[in-house]
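The values are calculated or read from the model by the stated rules, or taken from the named source; none is laboratory data. All of these numbers come straight from a predicted model, not from anything done at the bench. Cβ sites come from the backbone with ideal geometry, for glycine too, and all protein chains shown count toward neighbours. Calculation scope for accessible area: heavy atoms of the full protein, side chains included, ligands and nucleic acids excluded. Shrake-Rupley method; radii C 1.70, N 1.55, O 1.52, S 1.80 Å.
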Amino acid sequence: MTDLSLSDIPGLVAELTLEEKASLCSGSDFWHTQEVQRLGIPAVMLTDGPHGLRKQAGETDHLGLNDSVPATCFPSAAGLGSTWDRDLLHRVGEALGAETLANDVAVLLGPGINIKRSPLCGRNFEYLSEDPYLTGELAAPLVTGVQSHGVGTSLKHFAANNQETDRMRVSVEVDERTLREIYLPAFETVVTRSHPWTVMCSYNKINGTYASQDPWLLTEVLRDEWGFEGLVVSDWGAVDDRVAGVAAGLDLEMPSSRGVNDARIVEAVRSGSLDEADLDAAVTRVLTLVARSRQAGSEPASFDIEANHALAHEVATRTAVLLKNDGVLPLEGATLESTAVVIGEMARTPRYQGAGSSHVNPSRLVSALDALAERGLQVPFAPGYRLAEAADEPEPDRSDEDLRREAALLATGRTAVLFLGLPAADESEGYDREHLDLPVSHVSLLRAVAEVADHVVVLLSNGSAVAVADWEEQADAILELWLGGQAGGSAAVGLLLGDAAPSGHLAESMPERLADVPAQLNFPGEDGSVHYGERIFIGYRGLDAIEAPVSYPFGHGLTYTSFDYTELDVTAAPVTAETAEHDVVVRVAAVVTNTGGRDGVAVPQLYVGRPHSAIARAPRELRGFDRVELAPGQSRRVEFALTRRDLSHWDVGTHGWALEPGILVVSVGSSSRDLPLRATTQLEAPVLRRPLNDHSTIREWMEHPEAGPALSHAMGDFAATFGPDSPDPMTAAFLMAMPVVKVPLMGMSDAITLDDLDALLARYGNR
Ligand code: BGC
């Protein structure tokens, strides 16, 4: 195959026929771009997925029913998000990139960085967090890591793809501020920081327009504002109107449309309804992708499958979140053998990844039982419940009740290590969950075992938050493993035995009740649309705003030691018109100390709040975090720098980021609800004003330093009725809230006529 270099591209675009150009705008099959042999343009392969390579070598069927090549299956994104570990995500990216390159794949289709709007989203296991800042901070190094091998990533699914129900056509009705503050920032961070080779547009519509043909999304925001220079690829089958897509900035349609859309593009250019320059831009980006990947592909590549398995083990160790521990963990190896029993089919048949397009064929798979055996530990086991996905149905003839009885007998007077979680069918790409509960068979097993066991340790395998409120009292310790990838079993055993201490923290809230979840009233929508009525109040932002009790808050995670937070120090610089978006405005420092008896990792988190704001605000929002390894007694000072942008909100009046002056509350601690350090500072910044017009209220006029006195002067004595010295404060408050035009219109006072108001508007309007 001839190689293609970047400098060849303009010449090639000039030589390609219109039909050839149109053909390059979609795949040749499920996973490859189109080739043009006549000009030596090769095809390249794009393939899933976020936490491991899913390269279907033979017949493609899309749903993963055909085997894909063996690859390292890392923990899925729900776990990766819980690491709060930027360096680790970079290393995972490097490993994924090496496997991608060695398999001659040009683009790995991931990471998925949609926000977990509801814990019910069937694909939450593939997404990092409910928080946009955390998502962006973790996805950026992952992308950089993958691309360090000269292969591309595909940042997906752009944008507002937060549910599976009706995902191929639902219209997300979302306001501008919410999009900008919640659903777009992580994409912006990764695009501007890590320059992903491709961005994958989502299936859904946003406010009535398919993402795949939305010029605002794909060109104005992505390219013009954020400077994206890569290629936009459709999610598989996300194209509705291909011609509109080319014009909007969708470069590559995947998979092949079997020529249908090629013909439409040709026809549109011929009829003049599509500008050929738009087609050329798309073709140039496709050829750029091909050229970039050919550069890397020219070198022989390999990867170390054992090293990647070891990394998968390390990552799984760091994804686990210790939700609760009354002191039972860690267990000693000898205690485990003499006093413990392992219960739960998931210890033998691990739930380690999610279903759908991200499903990897693991190079190895270690269950918890395998890991115990590998360590030579003899621990009695009972399956406790049936699991549909269990290999060869090991307990085909036994009922859950029977298995439960057997498990309880075994657990009597011992420490029960219980593997519970969501069966594979409960969460998958393609559909959403309907509740947060574990299967009845799992909870009944826990209750039966808790009645007779000395201690109960629960290990959870699930890809999204589950309800624990009804049963957690019966567990002495709970370790959330998420979907831990191919080495999840050995990681779990290592954590139980204290080889390593848990260091994960929740990247999503664990609410007590589904009814408290802010999006619940509008999830998943109906009649083709879903209204994001909860606006910015997603996850902890909303739970905190309504002061809903949670089982475990966002950011929570225990370990085998304890930490103290002291010496908060906050300094704020005044913001002026000259302060640039990325200039530091507030500096925060705090000291973290390991106050326990074992080594441990603290994850200090910084939240900001803006009480008394003129706009709706969450009580606090994450704006910084660190990961600090500390020996017993050791302290470390952590520092955070907040830029003007970090402290800004999206102002719908000016359609831009704006920093509101006033009180800033800075809190530091170990979760969104455990913030021992808190300081208040005053942010000095120019007052934000909406341009004045005749429907601005009297208050808005009065707040303007020049227009206020002018209005007051024009109104003469009447101004005294609403001024600060008004004899009747109730009337004053009433008047201050009225649009100024109502005073002459309603004849409230002869002091000002419509002509007087026009004169004021001529001078102060729009200022
Ligand atoms: C998924 C994408 C995936 C693509 C290719 C789609 O159904 O939404 O995330 O990358 O298929 O498998």
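Within the stretch 701-716, the set of residues being open to solvent by 80 Å² or more (accessible area, probe 1.4 Å) and outside any loop (DSSP other than H, G, I, E, B) comprises Glu703, His713. With respect to Leu521, is the statement that it is open to solvent by less than 40 Å² (accessible area, probe 1.4 Å) and part of a helix (DSSP H, G or I) true? Spelling it out, it is not the case that Leu521 is open to solvent by less than 40 Å² (accessible area, probe 1.4 Å) and part of a helix (DSSP H, G or I).
State all residues of the stretch 609-619 that are open to solvent by less than 10 Å² (accessible area, probe 1.4 Å) and out of contact with any Phe, Trp or Tyr (no Cβ under 9 Å at 6 or more places or on another chain); if no residue qualifies, say none. If the condition is that a residue be open to solvent by less than 10 Å² (accessible area, probe 1.4 Å) and out of contact with any Phe, Trp or Tyr (no Cβ under 9 Å at 6 or more places or on another chain), then Gly609 is the only one that fits. When residues in the stretch 566-595 are screened for being open to solvent by 20 Å² or more (accessible area, probe 1.4 Å) and over 14 Å from Glu639 (Cβ atoms), 14 of them pass. Exactly one residue among Thr165, Thr219, Thr209 is within 16 Å of the ligand (Cβ to nearest atom) and open to solvent by 10 Å² or more (accessible area, probe 1.4 Å), and that residue is Thr165.
Taking the conditions exactly as written (in contact (Cβ under 8 Å) with a residue 40 or more places away in the chain and either open to solvent by 10 Å² or more (accessible area, probe 1.4 Å) or in the same structural domain as Glu534 (by TED's automatic domain parsing) (or both)), does Gly150 satisfy them or not? Considered against the rule, which asks whether it is in contact (Cβ under 8 Å) with a residue 40 or more places away in the chain and either open to solvent by 10 Å² or more (accessible area, probe 1.4 Å) or in the same structural domain as Glu534 (by TED's automatic domain parsing) (or both), Gly150 comes out as yes.
Of the numbered conditions (1) within 25 Å of Met510 (Cβ to Cβ); (2) in contact with a Ser or Thr (Cβ under 8 Å, 6 or more places away or on another chain); (3) of a type in the set (S, T, N, Q), Gln486 satisfies every one except a single condition; which is it? If we test Gln486 against (1) within 25 Å of Met510 (Cβ to Cβ); (2) in contact with a Ser or Thr (Cβ under 8 Å, 6 or more places away or on another chain); (3) of a type in the set (S, T, N, Q), just (1) comes out false.
Out of all the residues in the stretch 466-473, is one or more of a type in the set (A, V, I, L, M), part of a loop (DSSP other than H, G, I, E, B) and open to solvent by 10 Å² or more (accessible area, probe 1.4 Å)? I'd like the intermediate steps shown before the answer.
Initial filter on the stretch 466-473 (of a type in the set (A, V, I, L, M)): 466-469.
Of the ones still in play, those that are also part of a loop (DSSP other than H, G, I, E, B) are 466-469.
Right, trim to open to solvent by 10 Å² or more (accessible area, probe 1.4 Å) and you get 467, 469.
For the stretch 466-473, residues of a type in the set (A, V, I, L, M), part of a loop (DSSP other than H, G, I, E, B) and open to solvent by 10 Å² or more (accessible area, probe 1.4 Å): present.
Pairs linking a residue in the stretch 424-441 that is open to solvent by 80 Å² or more (accessible area, probe 1.4 Å) to a residue that is part of a loop (DSSP other than H, G, I, E, B) and modelled with pLDDT of 95 or more, with Cβ atoms under 8 Å and 6 or more positions apart or on different chains, are Tyr431/Gly122; Tyr431/Glu164; Tyr431/Thr165; Glu434/Leu120; His435/Leu120; His435/Ala467. The number of residues in the stretch 658-706 that are modelled with pLDDT under 95 and closer than 30 Å to Thr593 by Cα comes to 0.
The rows are residues; the columns are (1) assigned by TED's automatic domain parsing to the domain that holds Gly494; (2) at pLDDT 95 or above; (3) assigned to a loop (DSSP other than H, G, I, E, B); (4) more than 18 Å from Gly421 (Cβ to Cβ).
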| site | (1), (2), (3), (4) |
| --- | --- |
| Val328 | yes, yes, yes, yes |
| Thr335 | yes, no, no, yes |
| Ser338 | yes, no, no, yes |
| Met346 | yes, yes, no, no |
| Arg351 | yes, yes, yes, no |
| Asp370 | yes, yes, no, no |
| Gly384 | yes, yes, yes, no |
| Asp392 | yes, no, yes, yes |
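All conditions but one from (1) at pLDDT below 95; (2) in a helix (DSSP H, G or I) apply to Asp397; the one that does not is (2). The number of residues in the stretch 314-366 being small (Gly, Ala, Ser), within 16 Å of the ligand (Cβ to nearest atom) and surrounded by fewer than 24 Cβ atoms within 10 Å (Cβ to Cβ) comes to 3. Within the stretch 1-25, take every residue that is outside any helix (DSSP H, G or I) and either of a type in the set (S, T, N, Q) or in contact with a Gly (Cβ under 9 Å, 6 or more places away or on another chain) (or both) and give me the one that is most open to solvent (accessible area, probe 1.4 Å). Ranking the candidates gives Met1 first. When the residues of the stretch 234-274 are filtered to those that are on the phi > 0 side of the Ramachandran plot and more than 16 Å from the ligand (Cβ to nearest atom), the one that is most open to solvent (accessible area, probe 1.4 Å) is Arg258.
Among the residues of the stretch 88-135, those that are in contact with a Lys or Arg (Cβ under 8 Å, 6 or more places away or on another chain), away from the ligand (no atom under 16 Å from the Cβ) and part of a helix (DSSP H, G or I) comprise Leu88, Tyr133.
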